[in-house]
Amino acid sequence: MNLLRQHAEQQFAEELHELKKNETNPVPENWEMSPQSVVTYLMGGTLKNGFEVSPKYIGNRRLMEIAVATLVTDRALLLYGLPGTAKSWVSEHIAAAVSGDSTLIVQGTAGIGEEAIRYGWNYARLLAEGPSEGALVQTPVMKAMQEGKIARIEELTRIGSDVQDTLITILSEKTLPIPELNKEVQAIRGFNVIATANNRDKGVNDLSSALKRRFNTVILPLPDSIEEETDIVRRRVESFEKVMSLPSERPALEEIRRVVTIFRELRQGVTCDGKSKLKSPSGTLSTAEAISVVNNGLAMAGYFGDGVIHAEDLVSGILGAVIKDPVQDKVVWQEYMETVVKKRDGWKDIYRASIDFI
Ligand SMILES: Nc1ncnc2c1ncn2[C@@H]1O[C@H](COP(=O)(O)OP(=O)(O)OP(=O)(O)O)[C@@H](O)[C@H]1O
Ligand SMILES: [Mg+2]
């Protein structure tokens, strides 16, 4: 079947298989592989038999070691950071490597209630039979407890505080009481929780200190250097290219570098050479957005251009990412165009494309 998007454990089935085959370290109970192998899966590397594992996370290895080590303790893992810093991506890959299953996921929203985390009822059966095992609707968290797997909770801080706190019993007692049936579900080994939360939503529903204490927080940073960020965008774009089969050529590294440069300069409020101060636009301009801009450019070039990515294919996407507020951000952009881009060698095409577009 031609799935639009495969789960990590489907897409990287071969890598996971090879990692398990080449395992030399002790494997925690109900884990698919050792913590060391999980980190190799995340960071990439060469196995004993010469098999190449591709890197999934590009950045500080130590952060991944801390994240994975947390999961063998009795604390849960909270991945925290700005939007687009690969929190969901890392959470999916860790769950795939540790449990072979990244699908036990609860999407946090302001609207979800306790029943999305604990359990719900099939009302037709509840009315017909009364509370019974058959009328109970299991949640991903409950399944993870029963099967000794990783449950994922996305955007934890968007969930109302009272609902968040249902996690306290689950994380400290490792049980989920079901008073209606006069029983409880006790988690088996291998169970743990990876939650993600976004800096920008801070204060929406900040975690209670009781809950905070049950999590180890790992902060995922923005990429350190322009090289690192360019590399992330290039890799992600290449993998999208395969799936989307666009009729365009692989983008030149230089074009990706230009997009990343623009994003970094505007985000940091200073040019890469450190010489001119800039105003920052209101949006986040994360790596994730740079990836979308290049993907968009590829589609434009493939279908409405000559198949090779040029400035005009990129500029519409860049503007979409930069100008979130039609008045203020537009001024920021125009200033950047006039003071930086116009004067930069080899960047005139971007300046012109932007003038045409705005
Ligand atoms: N350091 C990185 N290494 C590898 N990929 C990265 C990195 N930073 C960002 N990405 C890519 O950025 C994209 C977006 O990441 P993701 O959706 O996980 O962000 P997020 O932190 O969950 O954001 P949000 O807070 O908006 O949910 C992914 O495709 C991911 O591959
Ligand atoms: Mg996310």
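Checked against (1) surrounded by fewer than 20 Cβ atoms within 10 Å (Cβ to Cβ); (2) in contact with a helix residue (DSSP H, G or I) (Cβ under 8 Å, 6 or more places away or on another chain); (3) aliphatic (A, V, I, L, M), V331 meets all criteria but (2). A single member of S248, S292, S282 is buried (at least 17 other Cβ atoms within 10 Å of the Cβ) and either among the hydrophobic types (A, V, I, L, M, F, W, C) or not in a helix (DSSP H, G or I) (or both), and it is S248. Within the stretch 259-271, residues that are in a strand (DSSP E or B) have Cβ atoms under 8 Å from residues that are surrounded by fewer than 21 Cβ atoms within 10 Å (Cβ to Cβ) in these pairs: V270/S276; V270/K277; V270/L278, counting only partners at least 6 apart in sequence or on another chain.
Looking at the stretch 52-68, is at least one residue of a type in the set (S, T, N, Q), within 16 Å of ligand 1 (Cβ to nearest atom) and either within 19 Å of D231 (Cα to Cα) or surrounded by fewer than 20 Cβ atoms within 10 Å (Cβ to Cβ) (or both)? Looking for residues that are of a type in the set (S, T, N, Q), within 16 Å of ligand 1 (Cβ to nearest atom) and either within 19 Å of D231 (Cα to Cα) or surrounded by fewer than 20 Cβ atoms within 10 Å (Cβ to Cβ) (or both), one finds at least one in the stretch 52-68, hence yes. Based on this model, can you work out whether E92 counts as assigned to a helix (DSSP H, G or I) and away from ligand 2 (no atom under 16 Å from the Cβ)? For E92, the condition - assigned to a helix (DSSP H, G or I) and away from ligand 2 (no atom under 16 Å from the Cβ) - is not met.
From the list E23, E32, E9, E15, pick out the single residue that is over 28 Å from I291 (Cβ atoms), surrounded by 17 or more Cβ atoms within 10 Å (Cβ to Cβ) and at pLDDT 95 or above. Break it down stepwise before answering.
On the way: E23 fails: surrounded by 17 or more Cβ atoms within 10 Å (Cβ to Cβ); E9 fails: over 28 Å from I291 (Cβ atoms); E15 fails: over 28 Å from I291 (Cβ atoms).
Exactly one residue qualifies, and that residue is E32.
Look at R158 and say whether it is within 16 Å of ligand 2 (Cβ to nearest atom), in contact (Cβ under 8 Å) with a residue 40 or more places away in the chain, surrounded by fewer than 21 Cβ atoms within 10 Å (Cβ to Cβ) and not aliphatic (A, V, I, L, M).
Criteria met by R158.
Of all residues in the stretch 278-295, those being hydroxyl-bearing (S, T, Y) and without any contact (Cβ under 8 Å) to a residue 60 or more places away in the chain number 3.
With L266, L222 as the choices, which residue is among the hydrophobic types (A, V, I, L, M, F, W, C) and more than 16 Å from ligand 1 (Cβ to nearest atom)? Break it down into steps so the answer makes sense when it comes.
Values: L222 fails: more than 16 Å from ligand 1 (Cβ to nearest atom).
Unique residue meeting the criteria: L266.
What about L298, is it part of a helix (DSSP H, G or I) and modelled with pLDDT of 90 or more? So L298 fits the description; yes. Residues in the stretch 56-89 that are within 13 Å of ligand 2 (Cβ to nearest atom) and either assigned to a helix (DSSP H, G or I) or on the phi > 0 side of the Ramachandran plot (or both): G81, G84, A86, K87, S88, W89. Selection over the stretch 106-117 of residues that are under 29 Å from Q10 (Cβ atoms) and either among the polar types (S, T, N, Q) or not in a helix (DSSP H, G or I) (or both) gives a count of 6. L207 satisfies every condition listed in (1) closer than 21 Å to H93 by Cα; (2) of a type outside the set (S, T, Y); (3) not in a strand (DSSP E or B) except (1).
Within the stretch 179-233, if we keep just the residues that are touching a strand residue (DSSP E or B) at 6+ places or on another chain (Cβ under 7 Å) and among the β-branched types (V, I, T), the residue that is farthest from ligand 2 (Cβ to nearest atom) turns out to be V185.
For the stretch 69-85, name all the residues that are surrounded by fewer than 18 Cβ atoms within 10 Å (Cβ to Cβ) and small (G, A, S). Of everything in the stretch 69-85, just one residue is surrounded by fewer than 18 Cβ atoms within 10 Å (Cβ to Cβ) and small (G, A, S), namely A69. Residue check: is T103 surrounded by fewer than 23 Cβ atoms within 10 Å (Cβ to Cβ), among the hydroxyl-bearing types (S, T, Y), in a loop (DSSP other than H, G, I, E, B) and away from ligand 2 (no atom under 16 Å from the Cβ)? So T103 does not fit the description; no. Considering (1) in contact with a Phe, Trp or Tyr (Cβ under 7 Å, 6 or more places away or on another chain); (2) more than 16 Å from ligand 1 (Cβ to nearest atom), the lone condition that I168 does not fulfil carries the number (1).
All conditions in (1) within 16 Å of ligand 1 (Cβ to nearest atom); (2) within 30 Å of K149 (Cα to Cα); (3) at pLDDT 90 or above hold for E227, with the sole exception of (2).
The set of residues in the stretch 89-109 that are free of Cβ contacts under 8 Å to residues at least 60 places away in the same chain and hydrophobic (A, V, I, L, M, F, W, C) comprises W89, L104, I105, V106.
The values are calculated or read from the model by the stated rules, or taken from the named source; none is laboratory data. Note that this is a predicted model, so its numbers are computed, not measured. All Cβ positions, glycine included, derive from the backbone under ideal geometry; neighbour counts span all protein chains shown.
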